[in-house]
Amino acid sequence: MQTSLEKLRKFFRLEHENGYSNNAIIGGLAKMLDFWEGEARADGIQEEVIQAVVQRLRSYDGLSPQSRADALKGLWKRIGDTYPETQQKTRVPPAKGEGQTQSRPPQPPPDSASKRETPRHEPREYKPRPPATPRSENVPGAKTSATPAALDAKLTVLQGVGQRHADTLARLGLHTLGDMLYYFPRRYDDYTQLKPIKELFYGEQVTVIGTIQSIHSRPIRGGKASIIEVVISDGTGGLRLSFFNQPWLANRLKSGDAISVSGKVDQYLGRLVMNSPDWEPVDVESLHTNRIVPVYSLTERVTQKWLRNLMNQVVTYWAPSVVDALPESIRTSARLMRLGEALLQVHFPDSQEKLQAARERLAFDEIFYLQMGVLRQKRDWKSVEARRFSVPDEWMSARLTSLPFTLTSVQQNAVKDIRADLDSGKPMNRLLQGDVGSGKTVVAALAAGIVTANGAQAAIMSPTAILAEQHHRNFTNLLKDILRPEEIRLLVGDTPESEKEAIRAGLANNTVKIVVGTHSLIEDPVQFADLQFAVIDEQHRFGVEQRAMLRSKGNNPHLLVMTATPIPRSLALTLYGDLDLSIMDELPAGRKPIHTYVLRPQERERAFTLIRGQIKDGKQAFIIYPLIEESEKIDARAAVDDYETLSKEVFPNLKLGLLHGRMRPDEKDETMLKFRDKAYHILVSTTVVEVGVDVPNATVMLIEGADRFGLAQLHQLRGRVGRGADQSFCLLIPTHEDKTENDRLQAMAESNDGFFLAEKDLQLRGPGEFLGTRQSGYASSLRMASITDVKLIEKARSQAQKLFEQDADLSQPDHALLAEALGRFWGEGKGDVS
Ligand code: ADP
Ligand code: MG
């Protein structure tokens, strides 16, 4: 049975066993569609069947249990009509024998890790268990070959965690014990420096141990609150502790008790005090004080102390029993801590050195697994055949001489790389990285030219209709010597149905050679006669599945993905190691670097003056706002509100256009086109203009609320100007004067170089955020690794490389655990970046 159907069966069965309570998958059965649809297509399941599943599951949540049962049964029967083999009652245990024989084991959905194994044999496994103390099999040393099932257990197995607590913890993404182990502290407070009271000084963070001398409780603020004052002494001096609004402490603290307190030393009426410090009786193992204390991110109804206690419970019992999948040989040669020890030390470090070692080990794993997957993917891609495409040098020269400019040397290199790929007999998988304005379009057009000159077809997918239209125009222009306009077509959502029909027919009979479009290309039932080349522009705007879908419209077509988000080499190698990389880090000659200034809000009038001057010289300007409407929460200036003021009061004699995300796509396009055709002097807009639109006549980019944007975004926005030969300006105005020192704004003023800014951005934020949500498929699995740690990356990469050369399939017995762990790491959604 196809893997995707097998999966359906498992979850349906589980759902049946759970009384149709829609909890076979966390978040509901519909969640399964996130991964299932793509898998089913990959399995070649008929589209009608896929749609039937999608529809039933989408509405599943709203049904009563009885209707749910009917829905699933009906659905399964429907599947049986097409795939009779699914109706046989097989008795093969699903966890064994499945997957291990394939090169990439089918992955269970990430949320359902706890249901991975043998649902049919032990259905009760998967129901929330009543609170219980850890059982003896779960204690240290109890190793099993798989991830110990214990790590997949729900948090309700923990003492003191009921369903309500479990729900709260789920909000932190904590569902299983394994999740807890990998929920790393946000930071640590180091209280290891025990000090005598007489040596304390104001402002320091310390732990002291002392005996309680006195306890006084008194009401404050007219009885609305209370304060408890405790004096402790350690023989060298006394220290006053104040606890606000914790009246119960009066019963917990007794004169003569020894306690350890940790906190910041404050001052009150000339004496040193501590306000609401963390405290513990000293005979308790020092969990909250007197050590390096982990500090976790919290959510409502979870206190630091409670979570820390819980974590301690989990870590002490389970960390040591975690199986270390990394082969011993690699562990020793890379000089890494054992996994169990690392998980222990990362939460409750014995020392800074051990903490460091633990972090290194955990970070190593992340990069190592990533690399192994990336290497495997690259091999898989290279293992299939692709058609060869080549053109004589004279053909290329003829194209180049007909261009309105000469290619930059980096463009020439990219073209050379692509020519070699197309003629290699293996499918091209190339990432073309080039800063905004570096001229990627012409490179893609030349490549499409090579393919179509050999009789095959090409498709170009852009994230927006405006961009698609722009590309269509450029392609038609650049390739006018070799293709007639009717051979290059534009297909977007708004294309009239009759025209779509014609395009579909043309693509099916190979009279249309190139189609440029948006996601319509994959949504539309277009069929290509011979698609051999697919280009994805602004690839970070697309999901992984969408890219795979475009590719699946052809038979191992060559693939070029383009991005204007410059990714530092270390990151690119790690995240996109499966793609070949062409970098265009040089702009066409004659571009003047954009002059960038950070202005204080009260200097806004200067910005307006500059804009007026530029417009007088026949130029145009962008004014960008972070939000659409004035929001109550943040006082960012909003496009809609200010558009009125700007057009009536500030620039009464000029024509202003307004563009924002709440407009219909055709309205947006219209406004954008009017701006390009100079019907407006100024375009007031939200960030919808961010991606790729080319208006060479625009020379000013004014960004309001600039401190609210990310560095990459600011750079992209700035890239909208400086596209012509004239001097362009970028003016950044933060929301408040005190934000003018903002690191990102200063970096912008300092440099025009996208790669420099990307490095900077990475340092300022983590890789996950850096890449944005859509693209973070890979990077989100990097919780510990810092992508700026090139040394560690190199170490992990070289170890992975070595292992891969030795045993690419991890089929040797001592790599079996690793193969399993790798399968888990490469769960859903990380399998394909192209
Ligand atoms: P991006 O890499 O941001 O997609 P485009 O392909 O849109 O950049 O090119 C930006 C502008 O630069 C376009 O107007 C294009 O015609 C022009 N251009 C591209 N290559 C060159 C070149 N070698 N010399 C001069 N202008 C160029
Ligand atoms: Mg572009």
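The values are calculated or read from the model by the stated rules, or taken from the named source; none is laboratory data. The model shown is predicted, which means the values in this text are computed figures rather than measured ones. Neighbour counts run over all protein chains shown; Cβ positions are idealised from the backbone, glycine included. What goes into the accessible areas is simple: the full protein's heavy atoms, side chains included, and nothing from ligands, DNA or RNA. Shrake-Rupley method; radii C 1.70, N 1.55, O 1.52, S 1.80 Å.
So the values come out like this:
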item	result
Those residues of region 660-686 which are within 16 Å of ligand 2 (Cβ to nearest atom) and open to solvent by less than 50 Å² (accessible area, probe 1.4 Å), in sequence order	Met672
Pairs, first within 14 Å of Ile418 (Cβ to Cβ) in region 445-456, second β-branched (Val, Ile, Thr) and in a helix (DSSP H, G or I), C-beta under 7 Å, six or more apart	Leu446/Val415; Ala447/Ile418
Evaluation of Asn555 against (1) within 16 Å of ligand 1 (Cβ to nearest atom); (2) under 30 Å from Tyr369 (Cα atoms) (one fails), failing number	(1)
Failed item in (1) within 28 Å of Phe756 (Cβ to Cβ); (2) within 16 Å of ligand 2 (Cβ to nearest atom), with Asp417 passing the rest	(2)
Options Ala816, Ala747: the member that is touching a helix residue (DSSP H, G or I) at 6+ places or on another chain (Cβ under 6 Å) and either at pLDDT below 70 or over 25 Å from Arg430 (Cα atoms) (or both)	Ala747
In region 596-618, residue least open to solvent (accessible area, probe 1.4 Å) [restricted to those that are in contact (Cβ under 8 Å) with a residue 60 or more places away in the chain and of a type in the set (Ser, Thr, Tyr)]	Thr596
Number of the exception - Gly203 against (1) part of a loop (DSSP other than H, G, I, E, B); (2) small (Gly, Ala, Ser); (3) surrounded by 11 or more Cβ atoms within 10 Å (Cβ to Cβ)	(3)
Residue count for region 495-532, restricted to those that are in a helix (DSSP H, G or I) and either touching a strand residue (DSSP E or B) at 6+ places or on another chain (Cβ under 9 Å) or buried (at least 16 other Cβ atoms within 10 Å of the Cβ) (or both)	10
Within region 694-715, considering residues that are open to solvent by 10 Å² or more (accessible area, probe 1.4 Å) and within 16 Å of ligand 1 (Cβ to nearest atom), the one nearest to Asp642 (Cα to Cα)	Gln713
Only listed residue being within 16 Å of ligand 1 (Cβ to nearest atom), in a loop (DSSP other than H, G, I, E, B), open to solvent by 10 Å² or more (accessible area, probe 1.4 Å) and closer than 30 Å to Phe475 by Cβ, chosen from Leu407, Leu400	Leu407
Cβ pairs under 8 Å, 6+ apart, first in region 294-306 and part of a helix (DSSP H, G or I), second open to solvent by less than 40 Å² (accessible area, probe 1.4 Å)	Gln304/Val295; Gln304/Tyr296; Lys305/His288
From the options Leu467, Leu446, residue that is at pLDDT 95 or above and assigned to a helix (DSSP H, G or I)	Leu446
Failed item in (1) more than 16 Å from ligand 2 (Cβ to nearest atom); (2) at pLDDT 85 or above; (3) in a helix (DSSP H, G or I), with Leu717 passing the rest	(1)
Conditions (1) away from ligand 1 (no atom under 16 Å from the Cβ); (2) over 28 Å from the mean Cα position of the chain (by Cα); number of the one not met by Asn429	(2)
Single residue of Glu469, Glu385 found to be away from ligand 1 (no atom under 15 Å from the Cβ) and open to solvent by 30 Å² or more (accessible area, probe 1.4 Å)	Glu385
Residue list for region 551-569, restricted to those being at pLDDT 80 or above and open to solvent by 10 Å² or more (accessible area, probe 1.4 Å)	Arg551, Ser552, Lys553, Gly554, Asn555, Asn556
Leading residue by the ranking (most open to solvent (accessible area, probe 1.4 Å)) among those in region 716-734 that are among the polar types (S, T, N, Q) and over 27 Å from the mean Cα position of the chain (by Cα)	Gln727
Matching option when the condition is at pLDDT 80 or above, buried (at least 16 other Cβ atoms within 10 Å of the Cβ), within 19 Å of Glu545 (Cα to Cα) and of a type in the set (Asp, Glu), among Asp43, Asp34	Asp43
Failed item, numbered, when Asp537 is tested on (1) within 16 Å of ligand 2 (Cβ to nearest atom); (2) charged (D, E, K, R); (3) at pLDDT below 80; (4) open to solvent by less than 30 Å² (accessible area, probe 1.4 Å)	(3)
Count of residues meeting criterion [under 29 Å from the mean Cα position of the chain (by Cα) and open to solvent by 30 Å² or more (accessible area, probe 1.4 Å)] in region 325-347	4
Residue within region 8-25 that is open to solvent by 40 Å² or more (accessible area, probe 1.4 Å), in contact with a Ser or Thr (Cβ under 9 Å, 6 or more places away or on another chain), of a type in the set (Val, Ile, Thr) and over 21 Å from Thr82 (Cα atoms) present	no
Sole exception among (1) under 30 Å from Tyr182 (Cβ atoms); (2) surrounded by fewer than 16 Cβ atoms within 10 Å (Cβ to Cβ) for Pro392, by number	(1)
Segments classed as strands (runs of 3 or more DSSP E), wholly inside region 228-286, with at least 1 members that are among the hydrophobic types (A, V, I, L, M, F, W, C) and open to solvent by less than 10 Å² (accessible area, probe 1.4 Å)	238-244, 258-268, 271-275
Hits in region 439-464 - residues which are open to solvent by 20 Å² or more (accessible area, probe 1.4 Å), more than 31 Å from the chain's Cα centre (by Cα) and either under 20 Å from Ser409 (Cα atoms) or not hydrophobic (A, V, I, L, M, F, W, C) (or both)	Asn454, Gly455
